[in-house]
Amino acid sequence: MGKSRARRFRRAPFSPAGPEQLRDPEGGLEEEPAAELLEKLQHPSAEVREYACASISKLLQQKHVILAFLQRDVVRCLGPLLMDHSLAVREAAAGALRNLSACGGFEVCDDMVTKDIMTPLVALLKECSTGLEANQLSSKKRREMDKNYMEDIANEAINLLWNVCECNNTAVSIFNKEGCLEAVLHYMKKFSTNVDLAISVANCLQAVTEDNPDLLSSFNASAQHVLETVMMCPESTMKHILLRTLIAGTIWNIKDTIPPGSLGSMVNAILKIFSESLAIDAGETIIRMSEAEKNRVKLAAEAETEENMSDVIENCVLSEDDDMEEIPKGKVRRENDISDLLPADKWELKEVTALLMAQQTALEIIVNMCCSEDTCYLESFEICSLQYLFDIKLQFQSSPQTHQKKKKALLLNLSFSPPQILEKTAFPNSVALDICMHNPSWKPLIKKLNAVQCRALTCLHSILSVSDVDCLGGASALQSLAQHLSLLVFSTTELPKDTEFLEAISSALRALLQTMASKNISQCMTPEQLLALCEAGIHSSNASVRVNVVSILGISGSVLAKGQDTAETLKMIGKFLLEVAMKESSLVVAGEALDALFDVFADGEEAEKAAVQIKLLPALKEFQPVFKMRMRKEGKGQYSTDQLCVLDNVKMNLRRFIAYQETLGKTPT
């Protein structure tokens, strides 16, 4: 029902919020000890309470201080302030709790729910929802000010709700039970005037609707209409593209509520939104937005210079009257207001960030669509002509499973032009990277660019896993794809070391080589390149990378075993896999290495020759009791049930493979 900690793709990391720099009401920068700040939360002055909340919010962005606040029960100290009579205190308290949940992670979010943060949070969300429509103040200007306050408070509260529901099943249950969906959707209706609030709501909705069947009954026609209205909004800003992408993900999560006759058009609409996002070149957007930012800053500086000159002239005239005191233009503000200390509105940077998040989200959802075990939506998919579907049915009517696979691949391929995902797998634009490297504010975009590339590679892996060769463009297209992926790995003198990239590229290569091997399509990577990749990957701290490279070597080795004069290469592969099987700390990786050995040396004269020369049979006979003992000692408690089932099969196959090798009569003396 809630969010499990092992998912196909986790939602994007939370973003802490709050001013970069805070000032004590009495002046001067201050970072007071946790105890003193928490004590100030009880101060009779709303201004002091606001300052204390804001100071705590800033400190909580530093992970090493979180424990000190938790030990002093910061959750129960801040929680009641969510319903403080001062709107400013409410917003600051919600921001502090948001940062605590974002920077503290799963364990802290669990602790927050245990300490009943959901009670005041739900009350705040419902009150803000009601307050958005309240019309009790006589002054229009005052009404607008309070409305914005309510929306700002709601934005912080929604982000806090998103964070805790992302991490904690109990929070999701409370969301369901308390009917929070109605209030949350009420905020979504503000998307035309407050897209930032709508994006926060969309993030929260995507989190709470994932694997949450208990919530589906709440999505009545009215709720679905709200989502559809947002998804069809015509605005073309990057923030609106992100908003539509997130809503598309939410609709995918609640697809079981869609009438069967509308499933096909729903999937088509979702993929159209993803296509819109992925069609944009992020590198070119960074270049264009960076130039726009420079021009804006330049114009602002020129305008400020002119304004200062005007002030100087005006002050010279007014200085004749010594008793007159003039407040400089543009400097009037409420005393001790901290709003002007928030970061400047860098809309260009925010637009690029929104685009990259939209692309990452789209790719993640496509991966989850490929992994979905529920294929009923495919039966209603009507994008293709009846004749084309008829041809597919004729071709695959003997295999319903392959038919479903073909339809799923067709769904994706007809909605995405091939370059859209492939282009995202390439390394980011070098000019855009240079811009980000030399601008501290833009530097975090590098990580987001790399994340999009890794998600695209994982997306490619998923599409390869569910697609037939014909849907992928045939043998020549697969060979071109292999060359493209090879360039990503071997384009520099040093092989990539980034763990996330290695996992993504090795997964894509594994799926591609498996598909090519199954259709006897010649592979483009040389044995030397494969061994170099495996040498780099096997030292990765990520077990998935190690499993992938071992599997890649097994696939390639099994293809080489069918050729001529490949014994020497097979010897190198065999020695590598034997060493991994015997020395690998992870039983899962060791088991994969054994499986790869079985595939490589299963058949063929070259394989038999190589097996004798590397003394494969005696090595495996010696290792067999060691592997059995490791499974008895390490198996229980360290590995999942599925992993143990696979390892049991490996153990059985090891016994059979040894018996098979003995029948060949090739045992060396």
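The values are calculated or read from the model by the stated rules, or taken from the named source; none is laboratory data. From a predicted model like this one, the values you see are computed outputs, not experimental measurements. Neighbour counts are summed over all protein chains in view; Cβ atoms, including those assigned to glycine, are modelled from backbone coordinates with ideal geometry. Please note that ligands, DNA and RNA were not included when accessible areas were found on the heavy atoms of the full protein model with its side chains. Shrake-Rupley method; radii C 1.70, N 1.55, O 1.52, S 1.80 Å.
A few points about this structure:
- Those residues of the stretch 463-478 which are under 13 Å from Q514 (Cβ atoms) and among the small types (G, A, S), in sequence order: S465, S467
- Beta carbons closer than 8 Å, at least 6 apart along the sequence or on distinct chains, pair a first residue in the stretch 434-446 that is farther than 10 Å from I286 by Cα and touching a residue at least 12 places away in the same chain (Cβ under 8 Å) with a second that is assigned to a loop (DSSP other than H, G, I, E, B) and open to solvent by 40 Å² or more (accessible area, probe 1.4 Å) for S441/K346.
Let's see how each residue does on (1) in contact with a strand residue (DSSP E or B) (Cβ under 7 Å, 6 or more places away or on another chain); (2) over 15 Å from L37 (Cβ atoms); (3) at pLDDT 95 or above:
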{"position": "L59", "(1), (2), (3)": "no, no, no"}
{"position": "R72", "(1), (2), (3)": "no, no, no"}
{"position": "C77", "(1), (2), (3)": "no, no, yes"}
{"position": "A88", "(1), (2), (3)": "no, yes, no"}
{"position": "A93", "(1), (2), (3)": "no, no, yes"}
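- Residue in the stretch 541-560 that is in a loop (DSSP other than H, G, I, E, B) and open to solvent by less than 20 Å² (accessible area, probe 1.4 Å) present: no
- Among the residues making up the stretch 151-175, a single one is open to solvent by 30 Å² or more (accessible area, probe 1.4 Å) and in contact with a Leu (Cβ under 6 Å, 6 or more places away or on another chain): N155.
- If you filter the stretch 37-88 down to residues that are among the basic types (K, R) and in contact (Cβ under 8 Å) with a residue 24 or more places away in the chain, you find that the one that is least open to solvent (accessible area, probe 1.4 Å) is R49.
- Tally of residues being aliphatic (A, V, I, L, M) and within 20 Å of S430 (Cβ to Cβ) across the stretch 442-485: 8
- Count - residues of the stretch 252-296 that are open to solvent by 80 Å² or more (accessible area, probe 1.4 Å) and aliphatic (A, V, I, L, M): 0
- If you go through the stretch 181-199 and pick out every residue that is touching a helix residue (DSSP H, G or I) at 6+ places or on another chain (Cβ under 6 Å) and either within 28 Å of D111 (Cβ to Cβ) or open to solvent by 10 Å² or more (accessible area, probe 1.4 Å) (or both), you end up with 12.
- Test: residue in the stretch 516-530 that is surrounded by 15 or more Cβ atoms within 10 Å (Cβ to Cβ) and closer than 22 Å to N450 by Cβ: no
- Cross-chain or 6+ apart pairs with Cβ under 9 Å, the stretch 535-551 first and at pLDDT 90 or above, then in a helix (DSSP H, G or I) and aromatic (F, W, Y): I538/F576; V550/F576
Conditions (1) assigned to a loop (DSSP other than H, G, I, E, B); (2) modelled with pLDDT under 95; (3) over 19 Å from A198 (Cα atoms), marked per residue:
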residue: P80; (1), (2), (3): no, no, yes
residue: R98; (1), (2), (3): no, no, no
residue: F106; (1), (2), (3): no, yes, yes
residue: R142; (1), (2), (3): no, yes, yes
residue: C165; (1), (2), (3): no, no, no
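- Qualifying residues in the stretch 224-251 (those that are among the polar types (S, T, N, Q) and touching a residue at least 24 places away in the same chain (Cβ under 8 Å)) - the one most open to solvent (accessible area, probe 1.4 Å): T237
Here is a yes/no grid of residues against (1) at pLDDT below 95; (2) in a loop (DSSP other than H, G, I, E, B); (3) not aliphatic (A, V, I, L, M):
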residue: Q479; (1), (2), (3): yes, no, yes
residue: V489; (1), (2), (3): yes, no, no
residue: N520; (1), (2), (3): yes, yes, yes
residue: Q523; (1), (2), (3): yes, yes, yes
residue: Q529; (1), (2), (3): yes, no, yes
